[in-house]
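K.L.:
Could you have a look at this structure, given as structure tokens, before my questions?
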Amino acid sequence: MDGYVRTATTDDILEVRRILDAAMLEPGNVEGRIAEGNVLVAGDNRGGTDSSERVLGTIVLESDAGERGAHISAIGVRRRHRARGIGTELIERALEREGRLTAQFDDGVRPFYEALDFSIEPIDDRRYRGVVVASERP
């Protein structure tokens, strides 16, 4: 991915909400998570200046109750920019920062998490739980 991944600021709230809404994801209090530093955004600079920055993807994290690391509440990438490594880069940066990530997801996105070395187990016949630990990756 050519671009950046950074911690979201309050200036990013609208773009983060747009990405999550388009993906039909509702991770709860996004504004609060941004204030806590638990939202990352990925994007590019169309013209090379800060004013031309485009937010193309986001990941929302929450403390993983009683566990080290974080839980992925939501991850989304603008439809036209999918399959370009943006989601992977968001996961990689979050894992680098947190050391351990968990996620719950549907069968349709299971290949995405498998490709990122998540250990996956079924929750029920439609949902899965995945865990990845930075120190256990190849």
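K.L.:
Which of the residues belonging to the stretch 85-100 are β-branched (Val, Ile, Thr) and open to solvent by 20 Å² or more (accessible area, probe 1.4 Å)?
P.N.:
As a first pass, look at the stretch 85-100 and keep what is β-branched (Val, Ile, Thr): 86, 88, 91.
Of everything in the stretch 85-100, just one residue is β-branched (Val, Ile, Thr) and open to solvent by 20 Å² or more (accessible area, probe 1.4 Å), namely Thr88.
K.L.:
Okay, moving on. Could you tell me which of the residues Ala115, Ala103, Ala35 is modelled with pLDDT of 90 or more, on the phi < 0 side of the Ramachandran plot and open to solvent by less than 10 Å² (accessible area, probe 1.4 Å)?
P.N.:
Working: Ala115 fails: open to solvent by less than 10 Å² (accessible area, probe 1.4 Å); Ala35 fails: open to solvent by less than 10 Å² (accessible area, probe 1.4 Å).
Step by step, each of Ala115, Ala103, Ala35 is checked, and only Ala103 is modelled with pLDDT of 90 or more, on the phi < 0 side of the Ramachandran plot and open to solvent by less than 10 Å² (accessible area, probe 1.4 Å).
K.L.:
Next question, about the same structure. Working only within the stretch 76-91, note down all residues that are in contact with a strand residue (DSSP E or B) (Cβ under 8 Å, 6 or more places away or on another chain) and under 16 Å from Glu114 (Cβ atoms).
P.N.:
Gly87, Ile91
K.L.:
Checking Glu62 against (1) at pLDDT below 95; (2) not in a strand (DSSP E or B), only one condition comes out false. Which one?
P.N.:
(2)
K.L.:
I would also like to ask the following. Which one is modelled with the highest pLDDT among residues in the stretch 118-138 that are of a type in the set (Gly, Ala, Ser) and open to solvent by less than 70 Å² (accessible area, probe 1.4 Å)? Don't jump to the end; show me each part of the working.
P.N.:
Taking the stretch 118-138 first, the residues of a type in the set (Gly, Ala, Ser) are 119, 130, 134-135.
Filter again for open to solvent by less than 70 Å² (accessible area, probe 1.4 Å), leaving 130, 134.
On the way: Gly130: 94, Ala134: 88.
By that ranking, first place goes to Gly130.
K.L.:
Mind listing whichever residues of the stretch 4-32 are open to solvent by less than 60 Å² (accessible area, probe 1.4 Å) and in contact with a helix residue (DSSP H, G or I) (Cβ under 8 Å, 6 or more places away or on another chain)? Spell out the reasoning first.
P.N.:
Within the stretch 4-32, the first condition is being open to solvent by less than 60 Å² (accessible area, probe 1.4 Å), and the residues that meet it are 4-5, 8, 12-13, 15-17, 19-20, 23, 25, 27-28, 30, 32.
Result: Val5, Ala8, Asp12, Ile13, Val16, Arg17, Leu20, Pro27, Val30.
The values are calculated or read from the model by the stated rules, or taken from the named source; none is laboratory data. Keep in mind it's a predicted model, so treat the numbers as computed, not measured. Positions of Cβ are backbone-derived with ideal geometry, glycine not excepted, and every protein chain shown enters the neighbour counts. Side chains included, ligands, DNA and RNA excluded: accessible areas come from the protein's heavy atoms. Shrake-Rupley method; radii C 1.70, N 1.55, O 1.52, S 1.80 Å.
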